[in-house]
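One structure is given below, encoded as C-alpha cells.
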Amino acid sequence: MIISEEHIKAASVCVDRRIPFALVIPPGAMKSILFASLSDGESALEHGGKRFKPGFFASFFGDSPSEAVYIPAELTAGQLLDSDFIKTCGDMPEAETVAVERSTDFMKYCSSLRELTATLKKNHGKTVISRLIAVDSTIDPIDAFRRYVDTAPGGTYRFVFYTPATGLWIGASPELLLSHKYGSGVFSTISLAGTRKPSDDMWDTKNRVEHDYVTDFIDFHFRNHNLETDIEPYSAVAFGNIEHLCEVISGRGETDPISLLDDLNPTPALCGFPVDQAFGNILSYEMHDRKCYGGMVGLADDDGFAAYVDLRSCLVTPCKNDTYRYNIYAGGGITEASDPLDEWNEAAAKARMLYRSVTDTDADESSDGLSFTGYDEAYSHTVR
Ligand SMILES: C=C(O[C@@H]1C=C(C(=O)O)C=C[C@H]1O)C(=O)O
C-alpha cells in the first residue's frame, strides 16, 4: 500500500486535533511522506528568500512563494500516535477558511460564459474559469484521500494537507509548475492545457490555441531569466477519462529560482493571458473565491524543490452529524471559441475521479443537480 496504516492513522489524528500536517505522494513514488508541525505561520522561505526551507509548502491562488504556508517534518507518526504526547499539544485553532458554499449554478455559469466569450471576441486572449461542485458526504477525508490515491494516475502529485489558514485540502495534480536542484543550472516545468477524450486522434484548433498561451508564457519567462529553453515535442497526458496536451520544458542557465517560480505562478493554464485581463475576468465572471485552487503545493529539501499546481482538488469542511462538505474546484481555458455547455462538461470530467472518491455515487447517478448529466453527448461535440 502506498500510504502506510501508520500514516493514515497519524493523518487522522492531525485532522481530529487540527494539527498542521501534509501527507504527500510525489509522482512515481511508492511511499507517502508525512509532515506535521505544531508551529504555524512560519515563512516557507529561508532568510534572504532564495530557497525554500525543507518541508511542505502551499499557497493561495495568485499568492507569491513568500506568502506560502509551511509545514516542516517536525512531528513523527510515532509521536502523533502517542496519546500521552498528543495530550500535551493542547487545542489548535479552528480553520480560518469557511467552506460551506453552494455549487455553481448551471444557468448562471452559462450566461457568465456567454458574456466572457463575447468580451474575448473583442479583446482576444484566454481566461480560465472554474466551477465549484459542493457535495456533502459521510466519507471521512483521509479515507477519501486513500480512495483518490487508489484511482489517480501514479504520475500525479497526490496531497492532503491542513493548516488553520488554508483549511483541509485533498488533491492529485498532474501539473508540475517548477522543479529545480539548487546549483544544477536546470529548471523543469510542463505546459499542460487542452483537453480531449483519449479516443480522439486530433487536437482541434481551440485546444492548440489554449495550450500555446501556456508554452509561450513559460518560454517568455525562462528567456527573461536568461535561461536557454528546450521544448520537447507534444505528448498527451491521461487523467481518468480525459487527456491533456503537454509539452515538457526545461531551461538551462543560472537565475534566482524563487523569483522564477514567482513569475510563472500562475501560468495561463490556471489564470489566462494577458495576465491582468485574465485576473480581472476571473474576478468578474467566476462565482466563488478560489482559495488554494490554482495556487501551488510542493516539497523542498536541502537540495531543491518541486512545486505543483493545486488542481483536481477540493477543500473539506467538517459539518454536523459526521458529514463533511467537499468543495471540488474544476475549470478550463475559455477563449472566444468556447461553448459554455462544452466547458461545463469538460470541468465535470476533470472533477469526476475526485467526486467518486469523496462520495459513494458516480456523478452521473447523482440526483443533486451537481450535473454531470449530458456529459457524454455534449462532450463528444466539444472534441473533434
Ligand atoms: C483548470 C484546470 O485544468 C487545467 C486546464 C486545462 C484545460 O483547460 O484544458 C488542462 C489542464 C490544466 O492545466 C482544472 O483541472 O481545474
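The values are calculated or read from the model by the stated rules, or taken from the named source; none is laboratory data. What you are looking at is a predicted structure, and each value in this text was computed from that prediction instead of being measured. All Cβ positions, even for glycine, are placed from backbone atoms using ideal geometry, and neighbour counts span all protein chains on display. Ligands, DNA and RNA are excluded from the accessible area calculation, which covers all protein heavy atoms including side chains. Shrake-Rupley method; radii C 1.70, N 1.55, O 1.52, S 1.80 Å.
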Quick check: Cα centre of the stretch 185-220 to Cα centre of the stretch 266-317, how many Å? 17 Å
³J(HN,Hα) across the stretch 16-31 via Karplus (A = 6.51, B = -1.76, C = 1.60, θ = phi - 60°), whole Hz, x for Gly/Pro? 5, 9, 6, 8, x, 8, 9, 10, 10, 10, x, x, x, 6, 9, 9
Taking N as the number of residues in the chain, the ratio of its alpha carbon radius of gyration to 2.2 N^0.38 Å works out to 0.95
Could you grab the relative contact order for the chain? Cα pairs under 8 Å, six or more apart, rounded to a whole percent. 24 percent
Rounded to the nearest 10 Å², the accessible area of SER313 using a 1.4 Å probe with every protein chain kept is 0 Å²
Ignoring ligands and nucleic acids, what accessible area does PHE279 show with a 1.4 Å probe (Å², nearest 10)? 70 Å²
Given Cα pairs under 8 Å that are at least 6 residues apart, what percent is the relative contact order of the stretch 284-332? 27 percent
Order of exposure, largest accessible area first, which applies to MET107, MET92 with probe 1.4 Å: MET107, MET92
Pick out which of THR138, THR317, THR88 has the largest mean-square fluctuation in a Gaussian network model of the chain, springs linking Cα atoms closer than 10 Å. THR88
Given a Förster distance of 51 Å, report the FRET efficiency between LYS122 and GLU6 from their Cβ-Cβ distance, rounded to the nearest 0.05. 0.35
Mind checking the log10 I(q)/I(0) for the stretch 160-303 at q = 0.13, 0.17, 0.19, 0.20 Å⁻¹? Debye, one equal scatterer per Cα, no solvent, two decimals. -0.66, -1.10, -1.30, -1.37
With each pseudo-label sitting 7 Å past Cα toward Cβ, what's the CYS89-ARG223 distance in nm, one decimal? 5.0 nm
Scoring the stretch 103-202 by relative contact order with C-alpha pairs under 8 Å, at least six apart, yields a percentage of 15 percent
Kindly rank 344-353, 217-226, 231-240, 183-192 from highest to lowest mean number of other beta carbons found within 10 Å of each residue. 344-353, 183-192, 217-226, 231-240
Picking from PRO54, PRO65, PRO93, which is most flexible by a Gaussian network model of the chain using Cα springs under 10 Å? PRO93
Just how large is the dipole of the stretch 5-382 about the Cα centre, in debye to the nearest 20, putting +1 at every Lys and Arg Cβ and -1 at every Asp and Glu Cβ? 180 debye
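Give LYS122/LYS291; LYS9/LYS50; LYS53/LYS87; LYS9/LYS108; LYS50/LYS197; LYS122/LYS350 a once-over and call out the pairs whose C-alpha atoms are over 32 Å from each other.
Long pairs (Cα-Cα over 32 Å): LYS9/LYS50; LYS9/LYS108; LYS50/LYS197.
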Ranked order, THR163, THR361, THR151, THR255 - accessible area, probe 1.4 Å, largest first: THR151, THR361, THR255, THR163
Accessible heavy-atom area order of HIS7, HIS47, highest first, probe of 1.4 Å: HIS47, HIS7
Which one of HIS211, ILE249, PRO266 is farthest out on the positive end of the charge dipole of the stretch 206-273, using unit charges on Cβ (Lys, Arg +1; Asp, Glu -1) and the Cα centre as origin? HIS211
